[in-house]
Amino acid sequence: ASGSLDQLTWAQLDHLVRAGAGHLMGLAPSGSRVALLLPNGLEYVVALLATQAAGLVPVPLMPIAGSDRGIQAQRLAAVARDCSPALYISG
(Lines give C-alpha, C1' and ligand atoms only; values in the text may rest on other atoms or scores of the structure.)
Protein backbone atom coordinates (compact mmCIF):
# COMPACT_ATOMS: atom_id res chain seq x y z
CA ALA A 1 0.00 0.00 0.00
CA SER A 2 1.29 3.43 -0.76
CA GLY A 3 0.56 6.68 0.99
CA SER A 4 -0.35 7.15 4.61
CA LEU A 5 -3.17 5.05 5.96
CA ASP A 6 -4.96 6.20 9.11
CA GLN A 7 -7.93 3.86 9.09
CA LEU A 8 -9.51 1.23 6.88
CA THR A 9 -12.80 -0.57 6.64
CA TRP A 10 -12.68 -4.38 6.41
CA ALA A 11 -13.62 -4.08 2.74
CA GLN A 12 -10.77 -1.63 2.08
CA LEU A 13 -8.32 -3.86 3.93
CA ASP A 14 -9.46 -6.86 1.88
CA HIS A 15 -9.10 -4.91 -1.36
CA LEU A 16 -5.58 -3.70 -0.51
CA VAL A 17 -4.44 -7.14 0.66
CA ARG A 18 -5.76 -8.84 -2.49
CA ALA A 19 -4.19 -6.21 -4.76
CA GLY A 20 -0.87 -6.45 -2.93
CA ALA A 21 -0.92 -10.25 -3.00
CA GLY A 22 -1.63 -10.25 -6.73
CA HIS A 23 1.33 -7.96 -7.31
CA LEU A 24 3.67 -9.99 -5.09
CA MET A 25 2.72 -13.31 -6.73
CA GLY A 26 4.30 -12.08 -9.94
CA LEU A 27 7.55 -11.09 -8.26
CA ALA A 28 8.66 -14.18 -6.34
CA PRO A 29 7.92 -17.91 -6.25
CA SER A 30 5.63 -19.31 -3.57
CA GLY A 31 7.42 -19.91 -0.26
CA SER A 32 10.00 -17.17 -0.86
CA ARG A 33 10.90 -14.88 2.02
CA VAL A 34 9.97 -11.21 1.92
CA ALA A 35 11.70 -8.74 4.25
CA LEU A 36 9.25 -6.17 5.63
CA LEU A 37 11.11 -2.98 6.56
CA LEU A 38 8.15 -0.93 7.68
CA PRO A 39 7.24 0.97 10.83
CA ASN A 40 4.23 -0.17 12.84
CA GLY A 41 0.97 0.93 11.27
CA LEU A 42 -1.63 0.00 8.70
CA GLU A 43 0.90 -0.11 5.86
CA TYR A 44 2.72 -2.81 7.81
CA VAL A 45 -0.47 -4.79 8.42
CA VAL A 46 -1.43 -4.63 4.73
CA ALA A 47 2.07 -5.70 3.63
CA LEU A 48 2.15 -8.56 6.15
CA LEU A 49 -1.25 -9.90 5.13
CA ALA A 50 -0.57 -9.44 1.40
CA THR A 51 2.70 -11.33 1.73
CA GLN A 52 0.96 -14.22 3.45
CA ALA A 53 -1.95 -14.19 0.99
CA ALA A 54 0.56 -14.43 -1.87
CA GLY A 55 1.99 -17.63 -0.38
CA LEU A 56 5.19 -15.89 0.66
CA VAL A 57 6.91 -15.85 4.04
CA PRO A 58 7.08 -12.43 5.73
CA VAL A 59 10.24 -11.59 7.65
CA PRO A 60 9.33 -8.64 9.91
CA LEU A 61 12.24 -6.23 10.44
CA MET A 62 12.39 -2.78 11.96
CA PRO A 63 13.56 0.03 9.68
CA ILE A 64 16.81 1.73 10.62
CA ALA A 65 16.18 4.77 12.81
CA GLY A 66 17.69 6.63 15.71
CA SER A 67 21.25 7.36 16.68
CA ASP A 68 22.77 3.86 16.45
CA ARG A 69 22.23 3.47 12.70
CA GLY A 70 25.57 1.77 12.12
CA ILE A 71 24.85 -1.05 14.54
CA GLN A 72 21.29 -1.39 13.24
CA ALA A 73 22.55 -1.58 9.66
CA GLN A 74 25.00 -4.33 10.61
CA ARG A 75 22.26 -6.34 12.33
CA LEU A 76 19.90 -5.85 9.38
CA ALA A 77 22.59 -6.99 6.95
CA ALA A 78 23.24 -10.10 9.07
CA VAL A 79 19.53 -10.99 9.12
CA ALA A 80 19.27 -10.42 5.36
CA ARG A 81 22.24 -12.72 4.75
CA ASP A 82 20.70 -15.35 7.02
CA CYS A 83 17.18 -15.38 5.57
CA SER A 84 18.03 -14.47 1.94
CA PRO A 85 14.78 -12.65 1.12
CA ALA A 86 13.63 -12.64 -2.48
CA LEU A 87 12.03 -9.21 -1.96
CA TYR A 88 12.19 -6.21 0.34
CA ILE A 89 9.16 -4.08 1.14
CA SER A 90 10.01 -0.73 2.69
CA GLY A 91 8.24 2.50 3.39
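Could you check the simple spin-label distance between GLN52 and HIS15, using points 7 Å along Cα→Cβ, in nm with one decimal?
2.2
Quickly work out the LEU27-to-GLN7 label distance, labels modelled 7 Å from Cα along the C-beta direction, and quote it in nm with one decimal.
Label at GLN7, label at LEU27, 2.9 nm between them.
Compute the acute angle (0 to 90°) between the alpha-carbon long axis of helix 10-25 and the principal axis of greatest extent of the alpha-carbon atoms of the chain; round to the nearest 10°.
With both axes taken from Cα atoms, the answer is about 60 degrees.
May I ask you to rank LEU16, LEU24 by accessible area, largest first, using a 1.4 Å probe over the protein chains only?
LEU16, LEU24
Report the label-to-label distance for LEU87 and ILE71 in nanometres (one decimal), using points 7 Å from each Cα along the Cα→Cβ vector.
About 3.3 nm, to one decimal.
Where Lys and Arg each count +1 and Asp and Glu each count -1, what net charge lies around GLN12 among other residues with Cβ under 14 Å from its Cβ?
Net charge in that neighbourhood comes out at -2.
Just to confirm a number: summing +1 for Lys and Arg and -1 for Asp and Glu over residues other than CYS83 whose beta-carbon lies under 13 angstrom from that of CYS83, what do you get?
That works out to +2.
Looking only at Cα atoms, what is the convex hull volume of the chain per residue, in Å³?
Roughly 81 Å³ of hull volume per residue.
Helix 69-83 versus the longest principal axis of the chain: what is the Cα-based angle in degrees, 0 to 90, to the nearest 10?
Once rounded, one gets 60 degrees.
The values are calculated or read from the model by the stated rules, or taken from the named source; none is laboratory data. Bear in mind the structure is a predicted one, so any value in this text is a computation, not a measurement. With ideal geometry, Cβ positions are generated from the backbone for all residues, glycine too; neighbour counts draw on all protein chains shown. Accessible surface areas use protein heavy atoms only, side chains included; no ligands, DNA or RNA. Shrake-Rupley method; radii C 1.70, N 1.55, O 1.52, S 1.80 Å.
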